[in-house]
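Undergrad: Could you have a look at this structure, given as structure tokens, before my questions?
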Amino acid sequence: MRMDETYYEQAKTLLVPIWRGIPASYKRQYRRTIWQQFENNLRSAAYTSSLSRFVSSICLRLGVELAGETLTQVMAVVQSGQDKRLLTLLRDESTTCAILVRIENEARTAEWEARQRAAEFDAAHADALTHS
């Protein structure tokens, strides 16, 4: 893995829990512009000197509360000592970073939908067997 790929992976590790922490009501209210808002907010929040300030700022702007495993994931990146490099990446490549999060989110959604369809099929199949 190239060094740049490592930084993109770290950015994704940092941003995915933040994305998932955005309240559903906020995402519904701004459903047409949510990805642009996410990108703009991550870019503007990245104009700071530390990742901890970045996280604090973007979470405040988007109403995100991190806890448990998601907080642990975010803190691992925040404490990586890569503040300058990652903040530069988040500022200069905010579109790419937002797209990485969006791809991850769409894959997770597709996986969830496939599990739901399989569960519905299993339930229907079990129901058909009990009534035959």
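Computed from the coordinates by the stated procedures, all read-outs in this text should not be read as laboratory data. What you see is a predicted model, and the numbers here were worked out from it, not measured in a lab. Neighbour counts run over all protein chains shown; Cβ positions are idealised from the backbone, glycine included.
Undergrad: Of all alpha-carbon pairs in the chain, indicate the percentage at a distance above 26 angstrom. Kindly include the intermediate steps, with their values, before the conclusion.
TA: Values: 2631 of 8646 pairs.
That tail contains 30 percent of the Cα-Cα pairs.
Undergrad: Rounded to the nearest 0.05, what FRET efficiency do LYS27 and THR88 have when you use their Cβ-Cβ distance and R0 = 30 Å? Write down the numbers at each step before the final one.
TA: Details: r = 28 Å, r/R0 = 0.93.
The calculated FRET efficiency here is 0.60.
Undergrad: Taking the Cα centre of the chain as origin, work out the dipole magnitude from +1 charges on Lys and Arg Cβ and -1 charges on Asp and Glu Cβ, in debye rounded to 20.
TA: Values: 17 positive and 16 negative charges, 125 e Å.
With Lys and Arg at +1 and Asp and Glu at -1, about 600 debye.
Undergrad: Now for a different question. State the extension gain, in nm to one decimal, for the chain segment bounded by LEU60 and GLU5, taking 0.36 nm per residue of separation less the distance between their alpha-carbons. Mind dumping the intermediate values first?
TA: Details: separation 55, 0.36 × 55 = 19.80 nm, distance 2.81 nm.
Difference between extended and current length: 17.0 nm.
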